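Mind looking over this structure? Questions follow.
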Amino acid sequence: MKKALALLLVMLLLLSSAGCGERDKNLSNENVSQQSTENISGPEGTKEPDKSSEPKHGAISADNISYDVHMTADGNMLVFFTNNNAEVVPDFEVEVTFYDTNKKMLGVDTDGHDAVLPNAKVVSTFDVPQDQNYSPVEKFDYEISIRLVDGRAYDNLTNDLEIESNIGSNGVVARFTNNSNQEIEELEVVAVYYKDGKAVGSDEEEKHHIASGDYVTIEFSQPYDTSFDSVEYDDYEIIVNQAHNF
């Protein structure tokens, strides 16, 4: 009887040990399954992207800033830049290097724009190199480079700017009314003059500290050629390069 009881106890112990082992095995499988699921989670099905490697401007690219070049009657270069990015470009710089026909560098000029809205157009005037008689060089090549700069994101208030303009006695006259609820601390505007669809001249003006609801009136000079004679035009355009606060 004692032997039978002892044999029964041994069998019970063996069954209990097997059950614990199976339970531990099942727990181990659950942990593996959870770890695998965590490892394959994320946008690409593997892991979260390394945000430290992302560009500071996100999807903004200098390649998405297009430009159009016009040579004006005063011998300078007028370049229109369009922001084709889906976001505001906080700041970008432009460098124009001029070369002679032998690829020798003649000179360089720079400019910059900030808080450029999507699909907005801004314009820059670059000085063409001059010869010994202080006249613009007639034959030259050029290279335009655009570089994004880490700049502060200003509030661009161009869309809150009301513009009225007409041709006056000595060029275009325009009134700019600030319809925003903020002060426009810097306003930079350009009048571009055209003849037969080609830009023949421009005039850039700046105004500062335009209060909400207030306006400024600007008279732009008419275009001139290299001899300072007036140039005919049949159309004009007002471009707002800047209308923001600091």
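Those residues that are among the charged types (D, E, K, R), in contact with a Ser or Thr (Cβ under 9 Å, 6 or more places away or on another chain) and under 25 Å from ASN119 (Cα atoms), I need them from the stretch 206-236; list them, please.
Listed by number, the list is empty, since nothing qualifies.
Quick check: is even one residue across the stretch 126-147 within 21 Å of ILE239 (Cα to Cα), part of a loop (DSSP other than H, G, I, E, B), within 23 Å of the chain's Cα centre (by Cα) and acidic (Asp, Glu)?
no
Is there a residue being in contact with a strand residue (DSSP E or B) (Cβ under 6 Å, 6 or more places away or on another chain), more than 21 Å from ALA73 (Cβ to Cβ) and of a type outside the set (D, E, K, R) anywhere in the stretch 188-206? Outline the logic, then answer.
At the first step, the residues of the stretch 188-206 found to be in contact with a strand residue (DSSP E or B) (Cβ under 6 Å, 6 or more places away or on another chain) are 188-194, 199-206.
Those still in the list that are more than 21 Å from ALA73 (Cβ to Cβ) too: 188, 206.
Retained after the next criterion (residues that are of a type outside the set (D, E, K, R)): none.
Scanning the stretch 188-206 turns up no residue that is in contact with a strand residue (DSSP E or B) (Cβ under 6 Å, 6 or more places away or on another chain), more than 21 Å from ALA73 (Cβ to Cβ) and of a type outside the set (D, E, K, R).
Regarding the stretch 143-160, can at least one residue be identified that is within 23 Å of ILE210 (Cα to Cα) and among the acidic types (Asp, Glu)?
Yes, the stretch 143-160 contains a residue that is within 23 Å of ILE210 (Cα to Cα) and among the acidic types (Asp, Glu).
Pairs only if they're at least six apart or on different chains, beta carbon under 6 angstrom, first in the stretch 202-226 and small (Gly, Ala, Ser), second not in a loop (DSSP other than H, G, I, E, B); list them, first residue then second.
Filtered contacts from the stretch 202-226: SER202/LEU78; SER202/VAL190; SER202/VAL192; SER212/ASN178; SER221/GLY171; SER221/ASP203.
Can you name the residue in the stretch 98-120 that is assigned to a strand (DSSP E or B) and crowded, with 17+ Cβ neighbours inside 10 Å and is also farthest from the chain's Cα centre (by Cα) among such residues? First the steps, then the outcome.
Step one: list which residues in the stretch 98-120 are assigned to a strand (DSSP E or B), which gives 98-99, 105-116.
From what is left, the residues that are crowded, with 17+ Cβ neighbours inside 10 Å are 98, 109, 111, 113-116.
Details: PHE98: 25, ASP109: 20, ASP111: 14, HIS113: 9, ASP114: 8, ALA115: 7, VAL116: 6 Å.
Among them, the one singled out is PHE98.
May I pose another question? Enumerate the pairs (first residue in the stretch 103-126 and touching a residue at least 40 places away in the same chain (Cβ under 8 Å); second residue anywhere and assigned to a strand (DSSP E or B) and among the charged types (D, E, K, R)) with beta-carbon separation below 6 Å, excluding pairs fewer than 6 apart on the same chain, so at least 6 apart or on different chains.
Correct list of pairs: ASP114/ASP91; SER124/ASP111; PHE126/ASP109.
Right, here's the next one. Pick from the stretch 121-147 the residues that are modelled with pLDDT under 95 and of a type in the set (A, V, I, L, M): which of them is surrounded by the most Cβ atoms within 10 Å (Cβ to Cβ)?
VAL128
The values are calculated or read from the model by the stated rules, or taken from the named source; none is laboratory data. Computed from a predicted structure; not experimentally measured. Methodologically, a virtual Cβ is constructed for each residue, glycine included, from the backbone with ideal geometry; neighbour enumeration extends over all protein chains shown.
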